[in-house]
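Engineer: Just passing along the structure, written as structure tokens.
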Amino acid sequence: MLADAIRSRFPVFDNIVYLNSCSQGALSDSVRAAYLDYLEGLEREGSLWGHWVERLDQVRGALARLFGVTPGEVAVTTSESAGVAALASALDFDGTRNTVVTTSLEFPTIGQIWHAQERRGARVVHVEADPDSTIPLDRFADAIDDTTLIVSITQVCYRNGSVLDLAPIIELAHSRGALVLVDAYQGAGAIPLDVAALGADFVGGGCLKYLLGSPGVGYLVARADTTAGLVPTTTGWFGARDIFAMDIRSYDPAADARRFESGTPSVPSLYAAAAGVELMLEIGVAETHAHVQGLIGQLRGGIAELGGTVVTPESSRGPLLAVASVDEHEHVAALERDGVVVSSRDGNVRISPHCYNDDTDVEALLKALHTHRHLLRRP
Ligand SMILES: Cc1ncc(COP(=O)(O)O)c(C=O)c1O
């Protein structure tokens, strides 16, 4: 089993059963060492400013390998929000194409950033999910038209684990002349995503969760062939063509995706993010996906036996399984008292196994769910 080979690199498992990678990936030995490397560097050299760009480029290179794009197509930001806000600032909403088509499955930051553009002339349309959290392709076909500037979709819904089939939506959007942004935060590192093959124009996310990194580092992949003409007005010196030009009399943005970056990066987090993404590449995303699907199958079976309700659609092959709860906060607290860490959103307990989890974790969780079965919401 994949977990056998790597589990000892994640000391949290000496203490608890950790099934909460949709919130934060477990700390590995190499990420811990990377944070220490930063601190020791400060003690040795006083400041590490000479290495900032080098570290940014290390993260950029690792993310480019992960997504199958060139390093020039990756902006390394301080959060996903920062990258998407820079992208939004590059869009012009006063022409005939002024509509943003998004979904009811998005993370709040995405909806909020697009609605903020209403002040600049944007019209925002939400494609609604069915009660089972899936969205039929027809609903996108009805919403996307020749006024659509960008289609903004999430790969995996953070609330319920629903996974969108991205390829047909992207194809549809492109056939109608719209750009596409994919929020990959809840998928990257857990589901293989070849951005060049998929053809998404933009992909946003961060390194905190299934990429095993740290808060403080996000990314915006911007495909060279479709996005080169878009120039952000939300910017800063790290987005300039020459960061060291120190020019206060003009704006000369980088020609590649780096133009979506802004100010001083979160430097300690860059050390951690580089180590985390590189470790995830070493472990393998495809291998992780297959491994986790085995654990999810085991979980689905066990929860059904307990009479619980999985709200994640059966067809969704993601890393997040959501289980209906009568009191999500008490449920998470009760499981935590039994040594099992999960999280909750929107009335559901969220269980999110990753490469390092194994069947002992699944069994421990099912045992705790059984103990607290009065908190399971029945169908
Ligand atoms: C799907 C999704 N998008 C966006 C975010 C937030 O991004 P950030 O805080 O980096 O802007 C999260 C965080 O949990 C998320 O799950």
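The values are calculated or read from the model by the stated rules, or taken from the named source; none is laboratory data. What you see is a predicted model, and the numbers here were worked out from it, not measured in a lab. Ideal geometry is used to build each Cβ from the backbone, glycine not excepted, and the neighbour counts take in all protein chains shown.
Engineer: Pick out the one residue from GLU43, GLU54 that is part of a helix (DSSP H, G or I), out of contact with any strand residue (DSSP E or B) (no Cβ under 9 Å at 6 or more places or on another chain), without any contact (Cβ under 8 Å) to a residue 24 or more places away in the chain and within 17 Å of SER262 (Cα to Cα).
Structural biologist: GLU54
Engineer: Could you check the stretch 144-243 for helices (runs of 4 or more DSSP H) lying wholly inside it with 2 or more residues that are among the small types (Gly, Ala, Ser)?
Structural biologist: Numbers: elements: 166-175, 195-198, 224-227.
Where helices (runs of 4 or more DSSP H) fall fully within the stretch 144-243 and carry at least 2 residues being among the small types (Gly, Ala, Ser), they are 166-175, 195-198.
Engineer: Does ASP247 satisfy being more than 12 Å from the ligand (Cβ to nearest atom), out of contact with any Cys (no Cβ under 9 Å at 6 or more places or on another chain), outside any helix (DSSP H, G or I) and of a type in the set (Asp, Glu)? So that I can check it myself, show each step before the final result.
Structural biologist: Values: more than 12 Å from the ligand (Cβ to nearest atom): yes; out of contact with any Cys (no Cβ under 9 Å at 6 or more places or on another chain): yes; outside any helix (DSSP H, G or I): yes; of a type in the set (Asp, Glu): yes.
Spelling it out, ASP247 is indeed more than 12 Å from the ligand (Cβ to nearest atom), out of contact with any Cys (no Cβ under 9 Å at 6 or more places or on another chain), outside any helix (DSSP H, G or I) and of a type in the set (Asp, Glu).
Engineer: If you take the residues in the stretch 83-109 that are surrounded by fewer than 24 Cβ atoms within 10 Å (Cβ to Cβ) and among the small types (Gly, Ala, Ser), which one is nearest to the ligand (Cβ to nearest atom)?
Structural biologist: The qualifying residue nearest to the ligand (Cβ to nearest atom) is ALA85.
Engineer: Consider the stretch 345-360. How many of its residues are surrounded by fewer than 23 Cβ atoms within 10 Å (Cβ to Cβ) and closer than 16 Å to ILE16 by Cβ?
Structural biologist: Initial filter on the stretch 345-360 (surrounded by fewer than 23 Cβ atoms within 10 Å (Cβ to Cβ)): 345-347, 358-360.
With closer than 16 Å to ILE16 by Cβ added as a condition, the list becomes 358, 360.
Within the stretch 345-360, residues that are surrounded by fewer than 23 Cβ atoms within 10 Å (Cβ to Cβ) and closer than 16 Å to ILE16 by Cβ number 2.
Conditions (1) more than 21 Å from VAL76 (Cα to Cα); (2) more than 13 Å from the ligand (Cβ to nearest atom), marked per residue:
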residue	(1), (2)
SER152	no, no
CYS157	yes, no
VAL182	no, no
ASP225	no, yes
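Engineer: Moving on. Sort out which residues of the stretch 110-125 are over 14 Å from LEU91 (Cα atoms) and either hydrophobic (A, V, I, L, M, F, W, C) or surrounded by 17 or more Cβ atoms within 10 Å (Cβ to Cβ) (or both), and write them in order of number. Outline the logic, then answer.
Structural biologist: Keep residues of the stretch 110-125 that are over 14 Å from LEU91 (Cα atoms), which gives 110-112, 125.
Selection gives ILE110, GLY111, VAL125.
Engineer: Give the stretch 72-82 a look and list any residue that's within 13 Å of the ligand (Cβ to nearest atom), touching a Lys or Arg at 6+ places or on another chain (Cβ under 7 Å) and not hydrophobic (A, V, I, L, M, F, W, C), or say none.
Structural biologist: Residues satisfying the conditions do not exist here.
Engineer: A further question on this structure: Test SER89 against the stated conditions and say whether it is part of a helix (DSSP H, G or I), modelled with pLDDT of 95 or more and under 18 Å from the mean Cα position of the chain (by Cα).
Structural biologist: Numbers: part of a helix (DSSP H, G or I): yes; modelled with pLDDT of 95 or more: yes; under 18 Å from the mean Cα position of the chain (by Cα): no.
The answer is no for SER89.
Engineer: Then there is this: Among the residues of the stretch 130-137, is any within 16 Å of the ligand (Cβ to nearest atom), more than 18 Å from the chain's Cα centre (by Cα) and part of a helix (DSSP H, G or I)?
Structural biologist: Going through the stretch 130-137, the residues within 16 Å of the ligand (Cβ to nearest atom) turn out to be 133, 135.
Next, only the ones that are more than 18 Å from the chain's Cα centre (by Cα) stay: 133, 135.
Among the residues that remain, those that are also part of a helix (DSSP H, G or I) are: none.
Among the residues of the stretch 130-137, not one is within 16 Å of the ligand (Cβ to nearest atom), more than 18 Å from the chain's Cα centre (by Cα) and part of a helix (DSSP H, G or I), which makes the answer no.
Engineer: How about the stretch 195-219: which of its residues are in contact with a Phe, Trp or Tyr (Cβ under 7 Å, 6 or more places away or on another chain) and more than 8 Å from the ligand (Cβ to nearest atom)?
Structural biologist: Of everything in the stretch 195-219, those that are in contact with a Phe, Trp or Tyr (Cβ under 7 Å, 6 or more places away or on another chain) and more than 8 Å from the ligand (Cβ to nearest atom) turn out to be VAL195, VAL203.
Engineer: Restricting to the stretch 338-377, name every residue that is in a strand (DSSP E or B) and either at pLDDT below 95 or closer than 20 Å to LYS209 by Cα (or both). Don't jump to the end; show me each part of the working.
Structural biologist: Our first condition is that a residue be in a strand (DSSP E or B); within the stretch 338-377, this holds for 340-341, 343-345, 348-352, 376.
The answer is VAL340, VAL341, SER343, SER344, ARG345, ASN348, VAL349, ARG350, ILE351, SER352.
Engineer: Still on this structure: Being more than 24 Å from ARG345 (Cβ to Cβ) and not small (Gly, Ala, Ser) is the filter here, so list the residues in the stretch 95-124 that pass it. Break it down stepwise before answering.
Structural biologist: Within the stretch 95-124, the subset more than 24 Å from ARG345 (Cβ to Cβ) is 95-99, 117-123.
Matches in the stretch 95-124: THR96, ARG97, ASN98, THR99, GLN117, GLU118, ARG119, ARG120, ARG123.
Engineer: Looking at the structure I just gave you, is ASP201 of a type in the set (Asp, Glu) and surrounded by fewer than 19 Cβ atoms within 10 Å (Cβ to Cβ)? Show your work before the answer.
Structural biologist: Values: of a type in the set (Asp, Glu): yes; surrounded by fewer than 19 Cβ atoms within 10 Å (Cβ to Cβ): no.
Criteria not met by ASP201.
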